[in-house]
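Some notes on the structure that comes next.
The values are calculated or read from the model by the stated rules, or taken from the named source; none is laboratory data. Predicted model only: the values in this text are computed from it and were never measured. We place every Cβ from the backbone using ideal geometry, glycine too, and count neighbours over all the protein chains shown. The area values use the complete protein model at the heavy-atom level, side chains included, leaving out ligands, DNA and RNA. Shrake-Rupley method; radii C 1.70, N 1.55, O 1.52, S 1.80 Å.
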Amino acid sequence: MITGAEQRAKWRAKWRANRLSKKNAQARAEAINEFLRAHKVSVGCSECGYREHHAALEVHHHGDKELNLSFAKSMDQAKKKMQKCVVLCSNCHRIKHWNEKQ
């Protein structure tokens, strides 16, 4: 039979492992987001050339959007999805979608 102290030790070990896993996932997500921000600024808007700030630049997916880039779980996955996309500023992105609907 497991004693209370042994049970607490098992739970403590499980909690620590889970905590480290969450920290690793957060660090990986931040690295991916930093890569995406830097890529958007370096490429700039493909329509007008704007590249002042990453917040004003968006990713336009060609065809069906399989995965939102912000949900990528690895750098390789983010890079692969980014190859299928075009960077547009907010204004050009809205105009492009409006023209596609007309």
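Brief remarks follow.
- Residue tally, condition over 20 Å from residue 99 (Cβ atoms), part of a loop (DSSP other than H, G, I, E, B) and of a type in the set (Lys, Arg), over segment 45-83: 2
- Residue 72 being modelled with pLDDT under 85, open to solvent by less than 100 Å² (accessible area, probe 1.4 Å) and of a type in the set (Gly, Ala, Ser): yes
- Which listed residue is charged (D, E, K, R), over 16 Å from the mean Cα position of the chain (by Cα) and at pLDDT 90 or above, from 101, 40, 96: 96
- Sub-7 Å Cβ pairs linking a first residue in segment 77-100 that is open to solvent by 30 Å² or more (accessible area, probe 1.4 Å) to a second residue that is among the hydrophobic types (A, V, I, L, M, F, W, C) and assigned to a helix (DSSP H, G or I), at least 6 apart or interchain, are 81/69; 90/56, ordered by first then second residue.
- Within segment 34-83, the residues that satisfy the criterion of being among the aromatic types (Phe, Trp, Tyr) and out of contact with any strand residue (DSSP E or B) (no Cβ under 6 Å at 6 or more places or on another chain) are 35, 71.
- Only residues that are open to solvent by less than 100 Å² (accessible area, probe 1.4 Å) and out of contact with any Cys (no Cβ under 8 Å at 6 or more places or on another chain) were counted in segment 52-69, giving 6.
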